[in-house]
1. Let's see if you can work this out: charge +1 on each Lys and Arg Cβ, -1 on each Asp and Glu Cβ, no other charges. What is the dipole magnitude of the range 9-70 about its Cα centre, in debye to the nearest 20?
2. Quick one: net charge of ARG57's neighbours, Cβ under 15 Å, K/R +1, D/E -1?
3. Note down the relative contact order for the range 9-70 as a percent, whole number, built from C-alpha pairs under 8 angstrom at least six residues apart.
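Bear in mind that the values in this text are calculations on the coordinates, not laboratory data. Note that the structure is a prediction, hence the values are computed from the model and not measured. Here the Cβ positions follow ideal geometry from the backbone for every residue, glycine too, while neighbour counts run over all protein chains shown.
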Amino acid sequence: MAESGPLSNDDWFAANLLDLVQRYPNQWIAVLDGNVICSSSSKRRAQGEARRVAAGRDFSLYFIEPSMLQMGFARRRPPPEDQGP
């Protein structure tokens, strides 16, 4: 059985989105190896700090919108039961 490697930044972001929305609303965050390495309300500042912290390693930059809590996370209601004739 093959071992699964660490999550990509995108996969980690998706898996932790609810927590991130609560902790970093209206912020830019940089993610490296499953960790938030910096956050800022300014994309330029977040990017600059992330480059310094990442020291040449690849990181991902995301903007956290509070409305993300409402996007795609609501449970789908089951279809009404067939009432029949």
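1. For this selection, approximately 380 debye.
2. That sum, taken over residues with Cβ under 15 Å, equals -1.
3. Computed value for the range 9-70: 41 percent relative contact order.
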